[in-house]
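Asker: Let me begin by handing over the structure; questions about it come next.
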Amino acid sequence: MNRLFSFSLFCLLYLFIASCEPATSATENTDAAATEDQLNSETASPSEDAQVAKTTTKSAVKTSWPGTYLFNEDAGGNFWGYELQLDKNLLGTLYIDGFQTMQRLKVAGTTTGNTLRVRLVGYAKDNIFNQPTIGSELFILEQQDQQLITHWGSLEPNVIANNTVGPAFEKVRNEISSTETRLLITSKSFVGIQPGDKITDHQTSLQKDMLQTGEGDFEIYQILDQQGTAIGYLHPDANDEQLVGMIVVTSPEARTEDGLSVGMTLGDLREKLTGYEIHGSEIEGYTAAYHGPFSYQLDSYNWEYDLDASKIADEVKIIEITLRD
């Protein structure tokens, strides 16, 4: 009797303990499964759609348009240089210089995606040709596969073969300060003045003057910028005084297409150029480096034409850049 009572008491105690344990609900089971699935999903490879979205976001890099753009044309020795300058508001000027050409076009740009539309909004000082029409779209620049494509509009290149959709303008510099002067020395011209031009065609930017040297006194014409500051001078042609001869650039703000300017050093020239020659002068002792149509006068004096250029230090400054026909 006591044994039966003890067994019954044990069963009742077991049932009581079992009923006190917390039960796991169906909802809790579902949440646990969902948590496990989520962890597995986060550690797994992203879906194809997610990968496409990520790639698209990465490729949609915003193009920075403010800066300086160049485009050059050459046809049978006649040269034209285009320089577009845009500030942070995409306002600026398009300079076109070359054979019988001197245009100063005020422009405004608007962007859509990876394209820049350049519209003519006026004419700047010293502009000669009032074309195209104000308000017209000059051209469109498009950033395409890491290449800048030009779509010509109301402005057409001087060389007919270049009037196609393709690479033309090239960005050479990011945004520049408003105080920086636009002065490009090309292999053919400087601020629209080219050896062989009629001097009277540029009389608004020239001022007659006299240059005194050890070889004598020479009539020259100072080249003035828009503020009336002398940035260089020109010699009349020795065979026809009505025509432009040598052009001498003295402004340190001007630069060649190779990136050289007055105030830089012979060391800079040696880094940027090859195939140049350095000679002295028997009368004046002037020393210059000659490369193509340019001569770079150095702040060094040698009275022998043939000299040992290796003895001229890299630190010697460039004091003038001369453009010859």
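Asker: When you scan region 116-135, do you find a residue that is among the basic types (Lys, Arg) and surrounded by 15 or more Cβ atoms within 10 Å (Cβ to Cβ), even just one?
Answerer: Checked region 116-135: at least one residue is among the basic types (Lys, Arg) and surrounded by 15 or more Cβ atoms within 10 Å (Cβ to Cβ).
Asker: On to the next question. Being β-branched (Val, Ile, Thr), in contact with a strand residue (DSSP E or B) (Cβ under 8 Å, 6 or more places away or on another chain) and not in a strand (DSSP E or B) is the filter here; which residues of region 128-161 pass it?
Answerer: Within region 128-161, 128, 133, 134, 159 meet the criteria.
Asker: Here is a follow-up. Among the numbered conditions (1) hydroxyl-bearing (Ser, Thr, Tyr); (2) open to solvent by less than 70 Å² (accessible area, probe 1.4 Å); (3) more than 30 Å from residue 245 (Cβ to Cβ); (4) assigned to a loop (DSSP other than H, G, I, E, B), tell me where residue 164 comes up short.
Answerer: Condition not satisfied by residue 164: (2).
Asker: If I filter region 273-280 for residues that are in contact with a Phe, Trp or Tyr (Cβ under 6 Å, 6 or more places away or on another chain), over 25 Å from residue 68 (Cβ atoms) and surrounded by fewer than 14 Cβ atoms within 10 Å (Cβ to Cβ), do I get at least one hit?
Answerer: yes
Asker: Can you say whether residue 313 is loosely packed, with under 15 Cβ neighbours inside 10 Å, under 34 Å from the mean Cα position of the chain (by Cα) and in contact (Cβ under 8 Å) with a residue 24 or more places away in the chain, as far as the supplied structure shows?
Answerer: Taking the combined requirement at face value, the residue satisfies it.
Asker: For the subset of region 199-240 comprising residues that are of a type in the set (Gly, Ala, Ser) and touching a residue at least 12 places away in the same chain (Cβ under 8 Å), which member is surrounded by the most Cβ atoms within 10 Å (Cβ to Cβ)?
Answerer: Here the answer is 232.
Asker: Name every residue in region 61-71 that is at pLDDT 90 or above and either of a type in the set (Ser, Thr, Tyr) or open to solvent by 60 Å² or more (accessible area, probe 1.4 Å) (or both), in order of residue number.
Answerer: 69
Asker: Mind checking whether some residue in region 200-220 is aromatic (Phe, Trp, Tyr) and either in contact with a Lys or Arg (Cβ under 8 Å, 6 or more places away or on another chain) or modelled with pLDDT of 95 or more (or both)?
Answerer: Scanning region 200-220 turns up no residue that is aromatic (Phe, Trp, Tyr) and either in contact with a Lys or Arg (Cβ under 8 Å, 6 or more places away or on another chain) or modelled with pLDDT of 95 or more (or both).
Asker: While we're here: May I ask you to list the residues in region 253-273 that are closer than 19 Å to residue 324 by Cα and more than 18 Å from the chain's Cα centre (by Cα)? First the steps, then the outcome.
Answerer: Step one: list which residues in region 253-273 are closer than 19 Å to residue 324 by Cα, which gives 254-262, 269, 273.
Within region 253-273, 262, 269, 273 qualify.
Asker: Related question: Sort out which residues of region 84-106 are of a type outside the set (Ser, Thr, Tyr), closer than 15 Å to residue 127 by Cα and open to solvent by 30 Å² or more (accessible area, probe 1.4 Å), and write them in order of number.
Answerer: Correct list: 99, 100, 106.
Asker: Residues to consider are 142, 137, 170; find the one that is of a type in the set (Asp, Glu) and over 20 Å from the mean Cα position of the chain (by Cα). Don't jump to the end; show me each part of the working.
Answerer: On the way: 142 fails: over 20 Å from the mean Cα position of the chain (by Cα); 170 fails: over 20 Å from the mean Cα position of the chain (by Cα).
137 is the lone residue from the list that is of a type in the set (Asp, Glu) and over 20 Å from the mean Cα position of the chain (by Cα).
Asker: Check region 291-303 and report whether any residue there is among the aromatic types (Phe, Trp, Tyr), free of Cβ contacts under 8 Å to residues at least 60 places away in the same chain and surrounded by fewer than 12 Cβ atoms within 10 Å (Cβ to Cβ).
Answerer: Looking for residues that are among the aromatic types (Phe, Trp, Tyr), free of Cβ contacts under 8 Å to residues at least 60 places away in the same chain and surrounded by fewer than 12 Cβ atoms within 10 Å (Cβ to Cβ), one finds at least one in region 291-303, hence yes.
The values are calculated or read from the model by the stated rules, or taken from the named source; none is laboratory data. All of these numbers come straight from a predicted model, not from anything done at the bench. Counting neighbours? That spans all protein chains shown, and the Cβs are built from the backbone with ideal geometry, glycine included. The accessibility values were calculated without ligands, DNA or RNA, using every heavy atom of the protein model including side chains. Shrake-Rupley method; radii C 1.70, N 1.55, O 1.52, S 1.80 Å.
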